[in-house]
Amino acid sequence: MNMAVETIKLTKRYGSKIVIDNLDLSIEEGKVTGLLGPNGAGKSTLLKAIVGLVKPDSGSISIFGQKPSIKLNSEIAYLPDRAGWYQFHTVKTALGYAKSVFPGFDEPKSEELLKQMKLDVDMKVETLSKGQQACLQLIFCLARNVRLCILDEPFSGIDLISRERIIQGIIESIMDGSRTIIISTHEIYESESLFEKVVFLEEVHIKLAGDAEELRRQGDSLENVYRRLYR
């Protein structure tokens, strides 16, 4: 099997605090992997390290068998847990700007996603609800023809209907199996049906990793597995 992301003894500190400690991790290509764990487990730092926003103190990262680079970044779409550069745009101008700066941005695909997410192109982003803004952020990622999508807390703090639309958008984007998606989330109940692989992190280490369906058979649901691991 081919790996989309591999880390070897990856370590990151902030001052005296170790956030990632000698992490050996493999993310299989063409799969949807859930990255789960409590606050402070190192999930967001790990994702930022993969996309080059955080420089590790030691260890290595490879993406599709290559060292991270500006060229490789064009193959990655990253959804941070907070974003706001487009607040004063309309939905239409925000997407136009995204097309001009994000490699592989597919305008017809973005239009399909807009309809699916039920967003009006003339609305100002600053007037959108939190759920609508989350849907728009997802479009910035899913409308790109890239090999790797990294989504950091795409469901956090938004309403049920918006979550359902986001999940449907992700499902539509993975139908052909041509891209790898990593999703970090605390909203396990709503999202666990998406996961083919799962990694549970705790205190900067991997606590458990494996095939999501096999873990579901052992624990009835990934949410139950999570409860047993962290109670």
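Each reported figure results from applying straightforward, stated rules to the coordinates on display, with no laboratory input. What you see is a predicted model, and the numbers here were worked out from it, not measured in a lab. Cβ placement follows ideal geometry from the backbone for every residue including glycine, while neighbour counts extend to all protein chains displayed.
Were the residues from I70 through Q116 laid out at 0.36 nm apart, the gain over their Cα-Cα distance would be 13.4 nm.
Where both residues lie in the chain, what percent of DSSP beta bridges are antiparallel, nearest 5? Walk me through the intermediate numbers first.
Numbers: 22 of 39 bridges.
Of those bridges, close to 55 percent are antiparallel.
Think of the chain as a dipole: +1 on every Lys or Arg Cβ, -1 on every Asp or Glu Cβ, centred on the Cα centre; then among T180, S44, G34, S44 lies furthest on the positive end.
Within the shell of other residues whose beta carbon sits under 14 angstrom from the beta carbon of S26, the net charge comes to -3, with Lys and Arg scored +1 and Asp and Glu -1. Label positions at E126 and K55, each projected 7 Å from the Cα along the C-beta direction, are separated by 3.6 nm. At most 16 other Cβ atoms within 10 Å plus a DSSP loop assignment makes a site exposed; report the longest stretch of the chain without any exposed chymotrypsin sites (Phe, Trp or Tyr not before Pro). Between exposed loop sites, the widest span is 89-231. Just how large is the dipole of the range 3-230 about the Cα centre, in debye to the nearest 20, putting +1 at every Lys and Arg Cβ and -1 at every Asp and Glu Cβ? Result for the range 3-230 is approximately 680 debye, rounded to the nearest 20. In the chain, helical runs assigned H by DSSP with n ≥ 4 each contribute -39500 (n - 2.57); averaged across all residues and rounded to the nearest 500, the mean residue ellipticity at 222 nm is -10000 deg cm²/dmol. A straight line joining the Cα centroids of the range 103-125 and the range 131-188 runs 14 Å. From least to most packed, judged by other beta carbons within 10 angstrom and beginning with the fewest, S184, S221 follow the order S221, S184. Projecting the Cα positions of P56, N22, F102 onto the charge dipole of the range 19-136 (unit charges on Cβ atoms of Lys, Arg, Asp and Glu, taken about the Cα centre) puts F102 furthest along the positive direction. Taking a 22 Å limit on the Cα-Cα distance, which of the listed pairs K9/K43; K17/K207; K71/K130; K48/K118; K71/K99; K43/K115 fall beyond it? As for pairs spanning more than 22 Å Cα to Cα, those are K71/K130; K48/K118; K43/K115. For Y189 and S16 in the same chain, what is the full-extension length gain: residue separation times 0.36 nm, less their Cα-Cα distance, in nm? Stretched out fully, the Y189 to S16 stretch lengthens by 58.8 nm.
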